[in-house]
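Please read the structure below before turning to the comments.
Coordinate-derived values only; no laboratory data. Predicted, not measured: the structure shown is a model, and the values here were computed from it. All Cβ positions, glycine included, derive from the backbone under ideal geometry; neighbour counts span all protein chains shown.
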Amino acid sequence: MTNRIDSRMRQGALALAGVGVVLGLAVPVLAQGNGLAMLGTLAKGEWTIRQRGGAAERKVCVKSGAELIQLMHRESGCSQFVVEDGAARVTVQYTCPGNGYGRTSIRRETPALVQLESQGIQGGMPFELTGEARRTGTC
């Protein structure tokens, strides 16, 4: 009888450990999903980025919203990792081989106004961008 109880306890512990492994593997997969649905709710067109601190305004043509993620790294071929994918906020960390990396958070206020925070390394130098982007026309 004692052997049966020990055997069942071991089976239960193994099953619980298996569930833990499955959940442990599921979390990174969920975090890396390519959802970013909030970006799809942004108005398409020309957006003007106004940085805090007096930097010159920049214009960006937004077609999918993803154009706002890599403002300092405009090249393609960068890998991205989705850190946060919420209804009103997304955060993406990215790496561009040979040119640095960045982490950008975009908070949606309206379909035509977002708050931006981005920092990282570009061309061997650190950067920090904080400001807002607003739809200002067509492109």
What FRET efficiency, computed as 1/(1 + (r/R0)^6) with R0 = 35 Å and r the Cβ-Cβ distance, is obtained for Ala112 and Phe81, rounded to the nearest 0.05?
0.80
Just going by the charge dipole of region 47-91, with Lys and Arg at +1 and Asp and Glu at -1 on Cβ, which of Gln51, Gly86, Leu71 is farthest out on the positive end?
Gln51
Out of residues 5 or more away from Ala43 or on other chains, whose amide H comes under 5 Å of its own, with H placed 1.01 Å from N in the peptide plane?
Ala112
Please report, in debye to the nearest 20, how large the charge dipole of region 35-137 is about its Cα centre when each Lys and Arg carries +1 at its beta carbon and each Asp and Glu carries -1 there.
260 debye
